[in-house]
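Student: My questions all concern the structure below.
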Amino acid sequence: MKTLILGIGNTLRQDDGFGVHLAEALKKENLPENVEILPLGTEDILSVAFEKFQKIVILDCIRLGGEKGTLYFIDDFTFSCDTPVSSHQMHPLSYLANQAKEQKVFLFGIEPYSTEWGQTLTPKAEKRIPDAIEFIKKEIRKCL
Amino acid sequence: MSKKIVIDPITRIEGHLKVELHIENGVVVDAKSSGLLFRGLETILKNRDPRDANQITQRVCGVCPQAHASASSMCLDDAFGVRDSIPENARLIRNLIHSSNHIHNSILHFYHLALLDYMDVTNVKTDNPQVGIVLNFLKREEKGPFIPREEGDFRFPVEINQRLLSNYLKALDMRRVAHEMLAVFGGKMPHSCGIVPGGVNTRPDSGRISNFLGRVLEVRDFIKNDYWEDVKTLVKFYPEYLEIGAGCKKFLAFGAFDLEGKGDYLERKRFHPSGITDEKLQWEPLNGKNITESVHSSWYEGKTTYPGDGQTCPKRVKDGYSWIKSPRYNGRAYEVGPLARTLIAYARKSEPVYSLVESRMKEISVDAKKLISVMGRHISRAIEAQLLIEETISWTKAIKETGDYVAAYQLPEESTGAGFSEAARGAVGHWIKIKNRKIQNYQIISPSTWNMSPKDENGNPGPLEQSLIGTKVRNEENPVEVLRIVRSFDPCLACAVHILDRKNLTVKNCILI
Amino acid sequence: METKNYPVIWFQAAGCTGCSVSILNTSSFKVKHLLLDELVPGKYLSFQFQPTIMAGSGEKVINVLKRAVDAEKEKYILIVEGALPFGENGTYGTIGEDNGREIPMVERFESLARNCFAVVALGDCSSFGGIPGACPNPTGIKSVEQSLKDFNIDKPFINIPGCPPHPDWLIGTVTTLILGQMPLLDDLHRPKEFYGGVIHDNCPRRGDFDAGRFARSFGEEGCLYLLGCKGHFAYADCPTRQWNSGINWCIKNGAPCLACVEPDFPDGACPFYEKLKDFPKIG
């Protein structure tokens, strides 16, 4: 059973890059061997070989309207095939909805403090990284 | 009780646009504009040779490919380290190629995209060489593409209508000639090949220069004698459009047509200066760092629960997902385009724009502030066309017989770059990130993304949407007022790219940490 | 003499409008005559649907499309500009609404193609996929030919590729059609009259190629092969017809040919400014 942890988002836009920063941080942790971590950022989603994995965890910035800094773990959702969101490229979820039909997909992310121009996370979002790491390490060991 | 009207497709624009209006008591209370085509050009650019961007990005739009060639080349020049070493001759020829398309666009827009909203093709009486062909055409049962159309508000008396119609037909030739001008140095049009990173790939000779100038003179005559007269006529018969369609009343320009070859693109001297302004007509310099992008409406809708705690998240969220696309300056919506360029140059008292604006406005007895309107956009295009056609003559004269046409460069392993210019419709920016000598990331922000942008996270509508709200619509079956406003922006949707207002994700279970 | 009307439905799909603009540049047959006059004595085209220049908007013009498949069945020429996006159930490109539902372009195309007299795929996008169909084809682009096959529609079709196509190529082809003939086509369904010869064979710089004189940087004289010219596998009459009323064309301007009329444009010619490595005997 192989799991892919995929960090997406735009690291030029502060907390929009949360998924990427978290993925980078997770790489330094001692996660089980069957877990692969990929900080994809805004690179080509089509370059990822999804068929190798049974579970996919997407790390990103997610706006659900909750308090800023809230971390969400979404294990049940539906994704309808509609027009993609980004003017710059196809949305990963949109692509996954078509391609990753055999895999179980989870979303993990933060309600951002700010997504203005900036190459680092906001300090408050940065403080949530350890909580995020702890949660993911626990969940991974439960085989998600 | 509000009524919803959808206009889809909007024709006589470039691309695919839909407008949704909510009308109450004959007035537009809410408006939503959506682009309806996604091709994924930025995805297609990835992993390619960076030099190919110049050609591929032209295919973003077949009406303004030159703007993308210009911005892309500047972006590549920046990334290749030759931003400040483009040879003089190349700078001039790039200006000639690029300005020819702006001139073409003004003519195309006024006559072939906008005028049918005001001019009645069926109101023709005289069988003269100019419009006799139309009389014959009107005997047909099928009158496409001129019928069907929105009816009910054609005001020109028959002689004036005929004059406009005969100029509509003449303009079909004039815009073709403007493209021939471009092709003299650009190779062909649409999708020209004259501009390359580092400069241009063509050496002009006296034969080509005379080919170019001969056409310039032909087009110049038309612009001075016919085009401006026709714009004046339009203003005279539809004066209320000097009050309609103001929009967000904030204007931004990256500037275009380098007058010098060194320095930051947003700071160097340009024929159309860069900057920002608003209805007070004070000029301010543009700071690229203040350009932000706002997130769009709803992406997620869902219930979340704390483990063992009944808390739920709001059912519907206003904020959208990441990676967005409505550009904002200092968080506000800004209009770009010929009106923006004209007002910015005017506010800066930049010549020759300032004097021509003053003299034109005096001619029609209207204050410069009234340019912030539907008519103002048409007037600005005519003013620009006239100024540019004159300027092409000076640029041509300045070309030297000897000298380089392209600067040498090495394709870098890793680099970043940004290019800023103006399409006829407004500010266009290209950004590139090169890694392993290939395009790792390429981004385009085009004018219609500014103008047609949807509501931002604070619920503020974009410039087009703002210009529609408050408009009186006399006949909902023929919403000519709305269409006239939309077309005054000269929308180009292939550039603008997408709707971001879709609910894709429905969250069924979520744990909060 | 009685005049016959040939209705034209010009459908714009996933394209950039460059083809429309190019056709507007026609000079051998002026646009105003194309729109308002007879193409050949006794026969004229009526452009019932052409989004770039047509007067009406919204539902009025969607009704024109609906009328065509009904009242003008088997009579209209369907010109398709732009490729057909099939990805995500066709929602990458929509045009008009029916009962509040946005209708995918591919859906409109299907009904228009099924009921037309002939299909003309105008431009490289509709003929072969073109730019939006380039790797990695994010929106599931298919060419007109492939779409007709997938929809099981058997109609005569002609490809007029080019990015953009030369106006003469379209107008010449349509003239042949309304004279009641099918033009002679090559194996890619392109009229041989315009696409029969390879650019390399008719290039004014061929002498330089044969004599081994190559331009090494832009602006120099000589064959442009080393600067990336793909004219040896591009089939088009650009060297003789030239562009924009004969004033210039790519190679004459010093720019290498991108083979924009070929099925693998742009990928087959990329990188544009690098020579093809596997051309025998050269470089």
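The values are calculated or read from the model by the stated rules, or taken from the named source; none is laboratory data. Given the structure is predicted, the values throughout are model-derived calculations rather than measurements. Note: ideal-geometry Cβ built from the backbone for every residue, glycine included; neighbour counts use all protein chains shown.
Student: Looking for something under 19 Å from residue B:406 (Cα atoms), at the interface with another protein chain (Cβ under 8 Å from one of its Cβ atoms) and surrounded by fewer than 24 Cβ atoms within 10 Å (Cβ to Cβ) - is there at least one such residue anywhere in the stretch B:153-172?
Tutor: No, the stretch B:153-172 contains no residue that is under 19 Å from residue B:406 (Cα atoms), at the interface with another protein chain (Cβ under 8 Å from one of its Cβ atoms) and surrounded by fewer than 24 Cβ atoms within 10 Å (Cβ to Cβ).
Student: Quick one: residue B:124 ticks every box in (1) without any contact (Cβ under 8 Å) to a residue 60 or more places away in the chain; (2) crowded, with 24+ Cβ neighbours inside 10 Å; (3) of a type in the set (A, V, I, L, M, F, W, C) except a single one, so which number is it?
Tutor: Exception for residue B:124: condition (2).
Student: So, one more: Please enumerate the residues belonging to the stretch B:197-220 that are in contact (Cβ under 8 Å) with a residue 24 or more places away in the chain and within 21 Å of residue B:402 (Cβ to Cβ).
Tutor: Those that are in contact (Cβ under 8 Å) with a residue 24 or more places away in the chain and within 21 Å of residue B:402 (Cβ to Cβ): B:198, B:199, B:200, B:201, B:202, B:203, B:204, B:208, B:209, B:211, B:212, B:213.
Student: Does residue C:124 qualify as being assigned to a helix (DSSP H, G or I) and buried (at least 23 other Cβ atoms within 10 Å of the Cβ)?
Tutor: The answer is yes for residue C:124.
Student: If we keep just the residues of the stretch B:18-34 that are more than 10 Å from chain C (Cβ to nearest Cβ) and in contact with a Gly (Cβ under 9 Å, 6 or more places away or on another chain), which is farthest from residue C:141 (Cα to Cα)?
Tutor: Ranking the candidates gives B:27 first.
Student: Condition (residue is under 21 Å from residue B:100 (Cα atoms) and not basic (Lys, Arg)) applied to the stretch B:273-285: is it met by at least one residue?
Tutor: Yes, the stretch B:273-285 contains a residue that is under 21 Å from residue B:100 (Cα atoms) and not basic (Lys, Arg).
So that you can scan it fast, the table gives a plain yes or no per residue for (1) assigned to a helix (DSSP H, G or I); (2) small (Gly, Ala, Ser):
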{"position": "B:391", "(1), (2)": "yes, no"}
{"position": "B:419", "(1), (2)": "no, yes"}
{"position": "B:441", "(1), (2)": "no, no"}
{"position": "B:481", "(1), (2)": "yes, no"}
{"position": "B:484", "(1), (2)": "yes, no"}
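Student: For the stretch B:27-81, which fully contained helices (runs of 4 or more DSSP H) count at least 1 residues that are over 23 Å from residue B:424 (Cα atoms)?
Tutor: Filter on the stretch B:27-81 gives B:41-45, B:65-80.
Student: Taking only the stretch B:10-32 into account, find how many residues are surrounded by 22 or more Cβ atoms within 10 Å (Cβ to Cβ) and within 23 Å of the chain's Cα centre (by Cα).
Tutor: So the answer is 12.
Student: Looking for something part of a loop (DSSP other than H, G, I, E, B), modelled with pLDDT of 95 or more and facing another protein chain (nearest Cβ under 7 Å) - is there at least one such residue anywhere in the stretch C:95-118?
Tutor: Scanning the stretch C:95-118, I find no residue that is part of a loop (DSSP other than H, G, I, E, B), modelled with pLDDT of 95 or more and facing another protein chain (nearest Cβ under 7 Å), so the answer is no.
Student: OK, next. Would you pick out the residues in the stretch C:11-31 that are buried (at least 24 other Cβ atoms within 10 Å of the Cβ) and outside any loop (DSSP other than H, G, I, E, B)?
Tutor: Those that are buried (at least 24 other Cβ atoms within 10 Å of the Cβ) and outside any loop (DSSP other than H, G, I, E, B): C:11, C:12, C:14, C:18, C:19, C:20, C:21, C:22, C:23.
Student: Take residue B:150 and decide whether it is surrounded by fewer than 19 Cβ atoms within 10 Å (Cβ to Cβ) and modelled with pLDDT under 95.
Tutor: Against the criterion (surrounded by fewer than 19 Cβ atoms within 10 Å (Cβ to Cβ) and modelled with pLDDT under 95), residue B:150 does not qualify.
Student: Would you please name the residue that is surrounded by the most Cβ atoms within 10 Å (Cβ to Cβ), looking only at residues in the stretch C:56-87 that are facing another protein chain (nearest Cβ under 9 Å) and on the phi > 0 side of the Ramachandran plot?
Tutor: C:82
Student: Those residues that are among the charged types (D, E, K, R) and modelled with pLDDT of 50 or more, I need them from the stretch B:302-351; list them, please.
Tutor: B:328, B:332, B:335, B:341, B:348, B:349, B:351
Student: Pull out all pairs, ordered by first then second residue, where Cβ-Cβ is under 9 Å, the residues are six or more apart or on different chains, the first lies in the stretch B:154-179 and is under 11 Å from residue B:131 (Cβ atoms) and in contact (Cβ under 8 Å) with a residue 40 or more places away in the chain, and the second is crowded, with 22+ Cβ neighbours inside 10 Å and of a type in the set (Ser, Thr, Tyr).
Tutor: From residues that are under 11 Å from residue B:131 (Cβ atoms) and in contact (Cβ under 8 Å) with a residue 40 or more places away in the chain, the pairs are B:164/B:111; B:167/B:111; B:167/B:227; B:168/B:111; B:170/B:111.
Student: Residue C:90 passes all but one of (1) on the phi > 0 side of the Ramachandran plot; (2) facing another protein chain (nearest Cβ under 9 Å); (3) surrounded by fewer than 23 Cβ atoms within 10 Å (Cβ to Cβ); which number fails?
Tutor: (2)
Student: Within the stretch C:166-179, can one find any residue that is in a loop (DSSP other than H, G, I, E, B) and either surrounded by 17 or more Cβ atoms within 10 Å (Cβ to Cβ) or modelled with pLDDT of 95 or more (or both)?
Tutor: Within the stretch C:166-179, one or more residues are in a loop (DSSP other than H, G, I, E, B) and either surrounded by 17 or more Cβ atoms within 10 Å (Cβ to Cβ) or modelled with pLDDT of 95 or more (or both).
Student: Kindly provide the set of residues from the stretch B:176-185 that are within 7 Å of chain C (Cβ to nearest Cβ) and in contact with a strand residue (DSSP E or B) (Cβ under 8 Å, 6 or more places away or on another chain), ordered by number.
Tutor: B:183, B:184
Student: Now a separate question. Considering only residues that are more than 9 Å from chain B (Cβ to nearest Cβ) and not in a loop (DSSP other than H, G, I, E, B), look in the stretch C:127-141 and name the one that is farthest from the chain's Cα centre (by Cα).
Tutor: Here the answer is C:128.
Student: I'm told residue C:272 meets every condition in (1) at pLDDT 95 or above; (2) more than 19 Å from the chain's Cα centre (by Cα); (3) over 26 Å from residue B:404 (Cβ atoms) except one. Can you identify the failing condition by its number?
Tutor: The failed condition is (3).
Student: Does residue B:247 satisfy the criteria of being buried (at least 18 other Cβ atoms within 10 Å of the Cβ), assigned to a loop (DSSP other than H, G, I, E, B) and on the phi > 0 side of the Ramachandran plot?
Tutor: The answer is yes for residue B:247.
Student: Taking the conditions exactly as written (surrounded by fewer than 22 Cβ atoms within 10 Å (Cβ to Cβ) and in contact with a Phe, Trp or Tyr (Cβ under 8 Å, 6 or more places away or on another chain)), does residue C:254 satisfy them or not?
Tutor: So residue C:254 does not fit the description; no.
Student: Now, a different point. Please go through the stretch B:249-264 and give me each residue that is at pLDDT 95 or above and of a type outside the set (D, E, K, R), ordered by number.
Tutor: Across the stretch B:249-264, the qualifying residues are B:251, B:252, B:253, B:254, B:255, B:256, B:257, B:259.
Student: Let me ask another. Taking the stretch C:151-169, which residues are away from chain B (no Cβ under 14 Å) and touching a residue at least 12 places away in the same chain (Cβ under 8 Å)?
Tutor: C:151, C:153, C:155, C:156, C:157, C:158, C:159, C:160
Student: Which one is nearest to the other protein chains (Cβ to nearest Cβ), of the residues in the stretch B:35-56 that are within 22 Å of residue B:193 (Cβ to Cβ) and of a type in the set (A, V, I, L, M, F, W, C)?
Tutor: B:44
Student: Answer yes or no: is there a residue in the stretch C:37-55 that is more than 7 Å from chain B (Cβ to nearest Cβ), out of contact with any strand residue (DSSP E or B) (no Cβ under 9 Å at 6 or more places or on another chain) and part of a loop (DSSP other than H, G, I, E, B).
Tutor: Yes, that holds for at least one residue.
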